[in-house]
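Report on one structure; see the data block that follows.
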Amino acid sequence: MSETDKVALVTGAARRIGAAIVRRLHAAGYRVAVHAHASGPELAALCAALDTARPGSVLALQADLREATTPAALVHDTLATFGRLDALVSNASNFFPTPLETATVDQWEALMAVNARAPFLMAQAAAPALRARRGAIVHLVDAALAHPLPAHAAYTAAKGALAALTAALAVDLAPEVRVNAVAPGAILWPESGKDAAAQAAVLARTPLGRTGTPEEVAEAVRWLVEDAHYITGHTLPLDGGRLLG
């Protein structure tokens, strides 16, 4: 490995969309710091595979983003290992329903901590290193912000805060650091399941008539990091045209 190879830190990256982002950036030549919380075995397997392909190119980081000290620690450990930071991708997310009648303060705090507070603290800690490399930040928000899911008010508020944070950080970190977001639509169905009728209803409202793939999200992230040199403060919908409806 060369010390000139770019470095990306990706949160929530052991599986699903996060793992696809890590693989895409790694394939593009990045050294990657890969964060996970509860997905320890998946984190170990992903990092082992990438390190076998290119020894010395991967750092595994396991921590809970609900802890206020975790974001700065992740940035510190990445810089201590690789000596630079060129891209920060905040993909980690908490997602669960919060019906208005029964939602608790603890649920609100948990959703805000991972979906909004942690990306802010990550950007704060990473700003000097990113400025030095004229780097980029990408946040993963949600196309559902335009049409909120029933019984998910706290999640929607947290992702809405992250979308607003994207624009605010683009102003605060300009001109050295670009800050953008990707808003995926139907990519992977929830792990808790979505019945066939609900899936069909979603696809019926999607002009392209199919779900997207994690690899398509990963390529959008790579493009925003690497090639979108005159774009900042933008949220890119990746939803197959669903918002048109």
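The values are calculated or read from the model by the stated rules, or taken from the named source; none is laboratory data. These figures come from a predicted structure and were not determined experimentally. Cβ coordinates were reconstructed from backbone atoms using ideal geometry, including for glycine residues, and neighbour counts include every protein chain displayed. What goes into the accessible areas is simple: the full protein's heavy atoms, side chains included, and nothing from ligands, DNA or RNA. Shrake-Rupley method; radii C 1.70, N 1.55, O 1.52, S 1.80 Å.
A Cβ distance below 7 Å, combined with a sequence gap of six or more or placement on separate chains, defines the contacts here; from the range 143-154, residues that are farther than 16 Å from ALA198 by Cα reach residues that are among the aliphatic types (A, V, I, L, M) and assigned to a helix (DSSP H, G or I) in the pairs ALA143/LEU243; LEU145/ALA163; ALA146/LEU243; ALA154/LEU111.
Considering the range 67-110, and only residues there that are polar (S, T, N, Q) and within 20 Å of the chain's Cα centre (by Cα), the residue that is nearest to LEU173 (Cα to Cα) turns out to be SER90.
Can you go through ASP106, ASP86 and tell me which one is open to solvent by 20 Å² or more (accessible area, probe 1.4 Å) and among the charged types (D, E, K, R)? Selected residue: ASP106, the only one of ASP106, ASP86 that is open to solvent by 20 Å² or more (accessible area, probe 1.4 Å) and among the charged types (D, E, K, R). Restricting the search to strands (runs of 3 or more DSSP E) fully inside the range 2-102 and requiring at least 2 residues that are of a type outside the set (A, V, I, L, M) gives 31-36. When the residues of the range 135-174 are filtered to those that are closer than 19 Å to ARG242 by Cβ and not in a helix (DSSP H, G or I), the one that is modelled with the lowest pLDDT is HIS147. Looking across the range 89-103, the residues that are of a type outside the set (D, E, K, R) and surrounded by fewer than 14 Cβ atoms within 10 Å (Cβ to Cβ) come down to PHE96, PRO99, LEU100, THR102.
Identify the residue in the range 211-245 that is charged (D, E, K, R) and modelled with pLDDT of 85 or more and, among all such residues, is surrounded by the fewest Cβ atoms within 10 Å (Cβ to Cβ). In this case the residue turns out to be ASP227.
Quick check, is ALA113 surrounded by fewer than 20 Cβ atoms within 10 Å (Cβ to Cβ), over 16 Å from the mean Cα position of the chain (by Cα) and either in a helix (DSSP H, G or I) or not basic (Lys, Arg) (or both)?
On the way: surrounded by fewer than 20 Cβ atoms within 10 Å (Cβ to Cβ): yes; over 16 Å from the mean Cα position of the chain (by Cα): no; either in a helix (DSSP H, G or I) or not basic (Lys, Arg) (or both): yes.
Here the answer is no, as ALA113 does not meet what is asked.
Can you find a residue in the range 165-179 that is free of Cβ contacts under 8 Å to residues at least 60 places away in the same chain and either open to solvent by 70 Å² or more (accessible area, probe 1.4 Å) or over 26 Å from THR232 (Cβ atoms) (or both)? Yes, the range 165-179 contains a residue that is free of Cβ contacts under 8 Å to residues at least 60 places away in the same chain and either open to solvent by 70 Å² or more (accessible area, probe 1.4 Å) or over 26 Å from THR232 (Cβ atoms) (or both).
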